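Participant: Before we start, here is the structure in question, set down as structure tokens.
The values are calculated or read from the model by the stated rules, or taken from the named source; none is laboratory data. The structure displayed is predicted, hence computed values, not measured ones. Cβ atoms come from the backbone with ideal geometry, glycine included; neighbour counts cover every protein chain shown. We work out accessible area using only protein heavy atoms, side chains counted, and drop any ligands, DNA or RNA first. Shrake-Rupley method; radii C 1.70, N 1.55, O 1.52, S 1.80 Å.
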Amino acid sequence: LVTHPAQMAGCLEHLAAAPAVGFDTEFVGEDAYRPELCLVQVATAEQLFVIDPFAAGPLDDFWKLLLDPARVTVTHAGREDIRMCYFQSGKPPANLFDVQLAAGLVGLPYPIGYAGLVGEVLGQRMSKGETLTDWRRRPLLPAQVRYAFDDVRFLLPAWKKLSDRLKRLKRAAWAAEEFATFVRKAVADEEPGAERWRRVKGIGGLDRRGLAVAREVFAWRDRFAE
């Protein structure tokens, strides 16, 4: 449990030597323009880390590790985790492997939940008891910490098993394309020039002037919300 800058330095040193990391985040997004990052969970083959961003110091060097294409970042249904990396660093993870997408490509139900995937692929049982917790509250309860560790505990073993299945089925190239598309779509709305206003309901019947008004009102609302 990383709650001090000195611990963070040791964590970063370990992660820098890891060729693959499991990655998850906990955040609160209901009452802020951008989701508020509350925890970062990371797994390597040797260690598990739960990083408290409120106490561990700046995480800039951590996000840089995820931007290295030589390092695989393993997620489950990682859209929001991709976006969190993008919000914090300006870029998404460079080499993503999403186990939920991979499971679908090897014939498992899609979209399969994390506990279901762990059961199907690894034969392990896990609980998901803290899904609706308030991750901003401190101190963290033992049940919250246990849940946070479990969220990344099985990612790398699942990655290895699913990678082997993809290779046997000759679908590894398909998976790489799907992962790249998944990352691109996750951050598309946030990139400069994204025209999110076009998804406003009810604008299909507007003329050119009406569309221009809708675009400007959307932009004003977004600036005001921010």
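Participant: Can you give the calculated 222 nm mean residue ellipticity of the chain, where each DSSP H run of n ≥ 4 adds -39,500 (n - 2.57) and the sum is split over every residue, rounded to the nearest 500 deg cm²/dmol?
Facilitator: -14500 deg cm²/dmol
Participant: Enumerate by residue number the GluC sites (Glu not before Pro) in region 38-146 meeting two conditions: DSSP loop (anything except H, G, I, E, B), and at most 15 other Cβ atoms within 10 Å of the site's Cβ.
Facilitator: Loop-located and lightly packed - 46.
Participant: Another one. Relative to the longest principal axis of the chain, what angle (0 to 90°, nearest 10) does the C-alpha long axis of helix 142-153 take?
Facilitator: Tilt of helix 142-153: around 90 degrees.
Participant: Excluding residues on the same chain fewer than 8 positions from residue 64, give the lysines whose Cα lies under 22 Å from its Cα.
Facilitator: Residue 64 reaches 91, 185.
Participant: Would you mind calculating the gained length between residue 177 and residue 17 on full extension (0.36 nm times residue separation, minus the Cα-Cα distance), in nm to one decimal?
Facilitator: Here the segment from residue 177 to residue 17 would lengthen by 54.9 nm.
Participant: Right, next: Nearest-5 percent of antiparallel DSSP beta bridges in the chain?
Facilitator: Antiparallel bridges: around 60 percent, rounded to the nearest 5.
Participant: Take the solvent-accessible surface of the protein heavy atoms, probe 1.4 Å, and return the percent of it on region 150-226 that carbon and sulfur atoms account for.
Facilitator: 53 percent
Participant: For region 24-104, which chymotrypsin sites (Phe, Trp or Tyr not before Pro) are in a loop by DSSP, counting at most 15 other Cβ atoms within 10 Å?
Facilitator: Here the sparse-neighbourhood loop sites are 33, 54.
Participant: What nm distance separates the two modelled labels at residue 184 and residue 60, each placed 7 Å from Cα along Cα→Cβ?
Facilitator: Label-label distance for residue 184 and residue 60, simple model: 3.1 nm.
Participant: Extension gain residue 198-residue 141, at 0.36 nm per residue separation less the Cα-Cα distance, in nm?
Facilitator: 16.2 nm
Participant: Does anyone have the angle between helix 5-16 and the longest principal axis of the chain? Alpha-carbon axes, 0 to 90°, nearest 10?
Facilitator: Once rounded, the angle reads 80 degrees.
Participant: Continuing with the same structure: Label points 7 Å out from Cα along the Cβ direction at residue 222 and residue 168: separation in nm?
Facilitator: Spacing of the two 7 Å Cα→Cβ label points: 4.6 nm.
Participant: With no solvent and one equal point scatterer placed on each C-alpha of the chain, evaluate the Debye formula and give log10 I(q)/I(0) for q = 0.14 Å⁻¹, two decimals.
Facilitator: At q = 0.14 Å⁻¹ the computed log10 ratios are -0.94.
Participant: Additional query: Using alpha-carbon pairs under 8 Å, 6+ residues apart, how would you state the relative contact order of region 1-148 in percent?
Facilitator: 20 percent
Participant: Could you size up the charge dipole of the chain around its Cα centre, putting +1 on the beta carbon of Lys and Arg and -1 on that of Asp and Glu, and report it in debye to the nearest 20?
Facilitator: For this selection, approximately 780 debye.
Participant: Using 0.36 nm per residue, how much length does the chain from residue 91 to residue 3 gain when fully extended, once their Cα-Cα distance is taken away?
Facilitator: Gain on stretching residue 91 to residue 3: 29.2 nm.
Participant: To the nearest 10 degrees, how steeply does helix 155-168 sit against the main Cα axis of the chain, on a 0 to 90 scale?
Facilitator: 80 degrees
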